[in-house]
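What follows is a set of notes on a single structure, which appears directly below.
The values are calculated or read from the model by the stated rules, or taken from the named source; none is laboratory data. Small disclaimer: the values here were computed from a predicted structure and weren't measured. Here the Cβ positions follow ideal geometry from the backbone for every residue, glycine too, while neighbour counts run over all protein chains shown.
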Amino acid sequence: MQASQLARAYKSNAVSTVSPGAVVLMLMDATLVSIASALEGFDLDHPVQRNEQIHNNLAKAQQIIAVLQAALDLDVEGEFPSRMYSLYDFMIQELQRGNSRKLDEPVKVVRGLLQEIRDAWSEMLLQEMAAS
């Protein structure tokens with residue numbers, strides 16, 4: 001088996017053995033990495049490289065947020081699932097706006113919101129681990 005195959009197998013096994021909550025955290029982290037890379041693209045001087053870096057990373061961030069949104073269980077009682085669904089909708093729309101108009105402000109807004117949610121989610125997971 002080649003090293004790349006071993007790495008893929010290891011990564012696949014690592015993801016399949018973590019809790020669903022940890023997978024959500026990993027997806028949020030991946031989204032934040034894509035957003036950070038897109039924001040770095042705004043500083044590039046070469047227009048083609050700038051546009052590609054912004055576009056590719058914001059498209060990836062939108063896709064991951066759509067996965068998080070699709071994973072919500074809207075049948076759960078309470079307002080949380082529907083509010084998160086709406087918030088994810090807002091984030092996707094803001095990233096689309098930032099991407100199409102090459103504006104960094106909507107991207108920064110999404111980064112701030114997602115960072116707060118990610119940090120709260122991480123804290124909740126830590127508390128769950130401490131309680132068990």
Worksheet item: Do we have any residue at all in the range 62-77 that's out of contact with any Pro (no Cβ under 9 Å at 6 or more places or on another chain), modelled with pLDDT under 95 and either within 30 Å of Ser132 (Cα to Cα) or surrounded by fewer than 14 Cβ atoms within 10 Å (Cβ to Cβ) (or both)?
Response: yes
Item to complete: Search the range 110-129 for residues being more than 14 Å from the chain's Cα centre (by Cα) and aliphatic (A, V, I, L, M), and hand back the single one that is surrounded by the most Cβ atoms within 10 Å (Cβ to Cβ).
Response: Leu125
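Residues checked against (1) surrounded by fewer than 16 Cβ atoms within 10 Å (Cβ to Cβ); (2) among the charged types (D, E, K, R):
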| residue | (1), (2) |
| --- | --- |
| Ser19 | yes, no |
| Gln53 | no, no |
| Phe90 | yes, no |
| Lys108 | yes, yes |
Practice prompt. Looking only at the range 31-50, count how many residues are in a helix (DSSP H, G or I) and touching a helix residue (DSSP H, G or I) at 6+ places or on another chain (Cβ under 8 Å).
Written response: 12
Practice prompt. Mind listing whichever residues of the range 68-106 are part of a loop (DSSP other than H, G, I, E, B), closer than 26 Å to Glu52 by Cβ and in contact (Cβ under 8 Å) with a residue 12 or more places away in the chain?
Written response: Lys102, Asp104
